[in-house]
Each structure stands twice: as structure tokens, then as C-alpha cells.
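Encoded as C-alpha cells, the structure appears first; notes follow it.
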Amino acid sequence: MKAAAGTTPAGTASEDQASRWVQRMFAGIAPRYDFVNHLLSFNIDRGWRKVLMQRLAPVLAKPDAKVLDLCCGTGDVLLDLQAISSGRVMGADFCHPMLVSAQAKTQRKGFTAPLFEADAMQLPLRDGALDAISISFGFRNLVNYEAGLRELYRVLTPGGVLAILEFSHPPGMLMRTAYGLYSRVMLPAIGTLVSGSREAYAYLPDSIRRFPRPGELQQMMAAAGFTNAGYELLTSGIAALHVAQAA
């Protein structure tokens, strides 16, 4: 299947419709999002987040670094960043109920990260405002991947780091077959049962299948102006961590 130019939920015919669909879908599952997420990933996502923190460690160690966790959802990665960062960490998402959950979670943990509501396609930030951006399992939901990368490039300072942690496409036949069966059959069934949202967990595997392969996303990052674009496959390619720098 050819990779989509951006997320295309069933029944949407424009980027605006796709954006509003995704926003509404996440608003509907926000109350159960954490529980379902960890259940469906068997908590493997915690290990993936540790790798993300390791790759961002040089930036996070700088006392004046400005770091944005974009598409922050309920704040798991935001908390990880704050726990080890010496600089300023912020979170942003375009789904208000997700931000409400993130705020409650950070307050329970004793953190006070600034949160703001914003669309990744048009961030309310000046050029070169950030030293690093992390996006965990949110980039796949952008309505236009190439335009999104250009916007992220715009708000990064020269040398700034972009780290995208996202579901991917296992290259090995055995893992690809097993994961395909899980994502097409078990994931929608369990997700629907626990969250009550059939459309959300039918959308998830479909959006993964349509998402660019790691090499394709690497090329998109380079085309947007990023340098040193690379990726590493995690858990036999179920996920991939893409890291690049703004020129």
C-alpha cells in the first residue's frame, strides 16, 4: 500500500475534515486512553520512551534548552522529559480533553510543565524558538506529513533536534505476520471493548498501515531541510525512532 500524504480517516475528504475527525476521536477516548494504551502495548511503550530519552539526553542536559513535547496526549512523555531535563519543557496538543488529562497527571506528580492547545500544522511559536521537539505516536495523525515537517523545522533553532517515535512496519516476515494479525483483529476488538470506541481502534491499525516506511519518512525529513536524518527500529520494527537536526 502506498504511503498516504497525511492521515486519512474513513469518510474524510479534506485535510480540514481529517483534522476535525482526529480531534473528535481523541477527545472521545481521552478518559480511558492511558489504560488502553498500556494494555494494548503490553507496556512495551515504556521501553520505547526510555530510548527516546536517551537520544534526547544531550539536549535535555543543557540548562537553557527549550523542549516541546508535541501531540503530548495525556503527558507520559512530558513527565519523562521533565524528570531528566535541566531546561524548560512544554507540552502541546490540539485535543483539549487530552490536555486536561495531562495537566491533572503532571500536577499529581508534582510537575508544572506549561501546556498549550495548538495544532502541529500551525504552531504559535516564533521561528527558531525550540532546541528540541519530541512527538510520540502523534506524527502519524498529522493531515500532511511534509507540511508538518516543514513547520517543525521552522520552530527549531539551527542544530535543534527533532525526535519522532512512531509505529512502523516490521521488516521480518514472522513479526510482520504476527503483528499484522494482532493489529487487524485483536487490537480493534480489545480497544473497542475497553474504551467503547470502535472507530478509534479501527482507525489505529489502518493509520499504521498507511504510514510511510522508515526510509520514506527519513527522505521526507531530509527534503524538509533536516540533516543527519536517521532511524532505529524498536522491537523488531513494531516502532521506529526517527531523529534529525535542523540545519
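Coordinate-derived values only; no laboratory data. On a predicted model such as this, the values are computed, not experimentally measured, just so you know. All Cβ positions, glycine included, derive from the backbone under ideal geometry; neighbour counts span all protein chains shown.
Overview of values
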{"quantity": "Unit charges on C-beta of K, R, D, E only; dipole of segment 15-246, Debye", "calculated": "440 debye"}
{"quantity": "Exposure proxy ranking, count of Cβ atoms within 10 Å, fewest first, for Asp119, Asp45, Asp69", "calculated": "Asp119, Asp45, Asp69"}
{"quantity": "Proxy reagent accessibility, fewest Cβ within 10 Å first, across Phe94, Phe226", "calculated": "Phe94, Phe226"}
{"quantity": "Enclosed volume per residue, in Å³, of the convex hull spanned by Cα atoms of segment 120-161", "calculated": "62 Å³"}
{"quantity": "Kirkwood-Stokes translational diffusion coefficient of the chain, alpha-carbon pairs, 25 °C, 0.890 mPa s, µm²/s", "calculated": "136 µm²/s"}
{"quantity": "Straight-distance crosslink candidates among aspartates and glutamates, where the alpha carbon sits under 16 Å from Lys50 and sequence neighbours closer than 8 are dropped", "calculated": "Asp69, Asp76, Asp80, Glu166, Glu232"}
{"quantity": "Mean Cα-pair separation over length for the chain, i.e. relative contact order, pairs under 8 Å, 6 or more apart, %", "calculated": "22 percent"}
